[in-house]
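Presented below is the structure to which this report refers.
Every number here is computed from the coordinates shown, using simple stated rules; none is lab data. Computed from a prediction, not measured in an experiment: that's the story for all the values here. Every residue, glycine as well, gets a Cβ built from its backbone with ideal geometry; the counts of neighbours run over all protein chains shown.
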Amino acid sequence: MEKLSRNVVKNAPKYPEKVLQFGEGNFLRAFVDWQIDVLNKEADFNGSVVVVQPLGQGMVEKLNEQDGLYTLYLQGMKEGKAVREHTTINSISRGLNLFKEYDQYLELAANPELRFIFSNTTEAGIAFDENDRLEDRPQSSYPGKLTAFLYHRYQVFNGDKEKGFIIIPCELIDRNGEKLKQIVLQYAELWNLGKGFVQWLEEANTFCCSLVDRIVPGFPRDTINEITEELGYKDDMVVVGEQFHLWVIEGPQWIREEFPAHKAGLNTLFVNDMTPYRTRKVRILNGAHTAMTPVSYLYGLDTVAEAVDHEVVGQYIKELIYEEIIPTLDLPINELNSFAAAVLERFRNPFIQHFLMSIALNSMSKFTTRDLPSLLEFINRKQELPRKLVFSLAALIAFYKGKRGEEDIKLADDQDILELYTAQWGGYDGTIESVETIVKNVLGYEKNWAMDLNQVPGLTEAVTKDLFEILTKGMQQSVQAVLGQKAAN
């Protein structure tokens, strides 16, 4: 069977190289490069991507063998229906291996049509390496490679202010654009690149912070034979992603004209402040994940989809989001409700088996960052405890007992957390007094919470009551009591 290439996809158009992209992995190809493919088809973006492989090992060779082409499968809930569809992505012109093709990399800096720089070099990628030097081929760090490229651009065009870039990192760290710019400026100083270059960096280039959201399982190893049969050609670069996508870019509104996502119907937003959107994602999507996990798992369920579709647990999750998390957020209510509906639809994705135990990793610190802010803000705004978030906290403590009925739970957390719970549950004797001791010691563990939660009025008593109910009556009856309804058989 023939491999995917321009021989297989006849008359695939070629576009001017407008984008430099650091990273050739699954996420960028299923997210950024897909969007550029859509923009070329729907909004006359008329641009292609040069992909740089930032590490010695990578996939640009495979990508070049396929003339930059690959198949993207999007599968998940779309307008209330389970949809699986595929398309050939034709937005990548070529890939460069910096360890073999550094001269071509620098030559690219002389391309006057190049305008955008995107990256996803993992959370550890945006880091300063004091050992990097301008003359390295290539530098070790991503910001080092980028600084060398920008400096070459500056020299080639003699500091022309019209030849700067729009730089949008996709790494999952807060304020990623600001962090990247800060490190580039560090290198400019370390390498003595001059005030003129620093001024050009500041005035000709726009570093944007961004938030990306799409689940990308990647290469479908389990089903690649069936996919190859379906496609009628061999594709070593197939990538699978969910239907949902969101890209929030903090930057000036004029970028919309150069990257016209709105004209193509993409869920890409250009905003003045991405903070509320990041908070929305962390509180609603990640917060719901963490809060639902101990409740759902101890109820006897194993996956996110099972939990959301369950008559009782599903109602619990929905009420938790709409009645306790959303009221603590400041975006317009219709935006929050719409995002929450999309989250619940994503949780139901029949094509992705998302096991609760994979979410349970490091649940204590996750609850601190994802759910505790909602709990405290709810109290601040409503002057009362959020019933379901408090119950989730009690369920979390019960989860760390390490038992689901007769079955052992493989707890995975930092050693100090595991030792804390081993000590606490070792003193449990079935009395409510021993439960209260456990709760007080867990809520008082300031190393995790960065505060003593026993100081929150009424919280210790409420968590103690819920935990005692879970231990004596079981999770199913306890959730029923929280919802005030009969649990389904």
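Structure notes:
- Check: the chain dipole with +1 on Lys, Arg Cβ and -1 on Asp, Glu Cβ, in debye: 660
- Among beta bridges that DSSP assigns inside the chain, antiparallel share in %, nearest 5: 40
- Exposure proxy order (Cβ contacts within 10 Å, fewest to most) of F31, F355: F355, F31
- Taking each residue as 0.36 nm, the span from T206 to E178 lengthens on full extension beyond its C-alpha to C-alpha distance by 9.1 nm.
- For segment 17-273, the relative contact order works out to 22 percent when only alpha carbon pairs closer than 8 Å and six or more residues apart are counted.
- Listed by Cβ neighbour count within 10 Å, with the fewest neighbours leading, D429, D452 appear as D429, D452.
- Residues in segment 74-87 carry Karplus couplings, in order, of 10, 9, x, 7, 9, 6, x, 10, 6, 10, 10, 9, 9, 8 Hz; the curve used is 6.51 cos²θ - 1.76 cosθ + 1.60 with θ = phi - 60°, and Gly or Pro positions show x.
- With the cut-off at under 16 Å, measuring from each backbone N in segment 150-183 to a point 7 Å along the Cα-to-Cβ line of V198 picks out 151, 181-183.
- Residue list for segment 268-293, given a label point 7 angstrom along the Cα-to-Cβ vector of S338 and an amide N cut-off under 19 Å: 268-285
- Length-normalised contact order for segment 47-196 - Cα pairs under 8 Å, 6+ apart - percent: 21
- For segment 172-292: relative contact order, % (alpha-carbon pairs under 8 angstrom, 6 or more apart): 22
- Note on F128 and F219: the extension gain reaches 29.7 nm, defined as 0.36 nm multiplied by sequence separation minus the Cα-Cα distance.
- Distance between the pseudo-spin-label points of E407 and T431 (7 Å out from Cα toward the beta carbon): 3.3 nm.
- DSSP loop GluC sites (Glu not before Pro) with at most 14 other Cβ within 10 Å: longest gap in the chain: 136-383
- Along the axis of the charge dipole computed for the chain (Cβ charges of +1 for Lys and Arg, -1 for Asp and Glu, origin at the Cα centre), the listed residues Q139, M274, T303 are led at the positive end by M274.
- Each Lys and Arg Cβ is given +1 and each Asp and Glu Cβ -1; about its Cα centre, segment 120-211 then shows a dipole of about 240 debye.
- Mean-position separation - Cα centroids, segment 254-323 and segment 176-199, in angstrom: 36
- Stretched out straight at 0.36 nm per residue, the stretch from T87 to S5 would grow longer than its current Cα-Cα span by 28.1 nm.
- Cα shape, segment 358-489, gyration tensor, a/c 1.5 rule: rounded
- Cross-link partners of K100 among lysines (Cα-Cα below 18 Å; sequence separation of 8 or more within a chain): K62, K145
- Listed by chain and number, the lysines whose C-alpha is less than 18 Å from the C-alpha of K18, apart from same-chain residues fewer than 8 away, are K41, K161, K163.
- This model, with +1 at the C-beta of Lys and Arg and -1 at the C-beta of Asp and Glu, gives segment 150-285 a dipole about its Cα centre of some 500 debye.
- Remark: R280, R381 ranked as R381, R280, counting other beta-carbon atoms within 10 Å and listing the fewest first.
- Summarising the amide proton neighbourhood of A412: residues at separation of 5 or more, or on other chains, whose placed amide H is nearer than 5 Å comprise N362.
- Close amide H contacts of K3 (hydrogens built in the peptide plane, cut-off under 5 Å, sequence separation of 5 or more or a different chain): K234.
- Over 30 Å apart at the Cα level, from the set K366/K403; K78/K234; K78/K410; K179/K281; K181/K281, are K78/K410.
- Centre separation in Å (Cα based) which lies between segment 404-423 and segment 203-245: 36
- Amide proton proximity set for S140, modelled H, under 5 Å, gap of 5+: R133
- Over the residues of the chain, the helix contribution to mean residue ellipticity at 222 nm works out to -13000 deg cm²/dmol, using -39500 (n - 2.57) for each DSSP H run of at least 4.
- Spatial separation of Cα centroids for segment 103-165 and segment 337-381, in angstrom: 37
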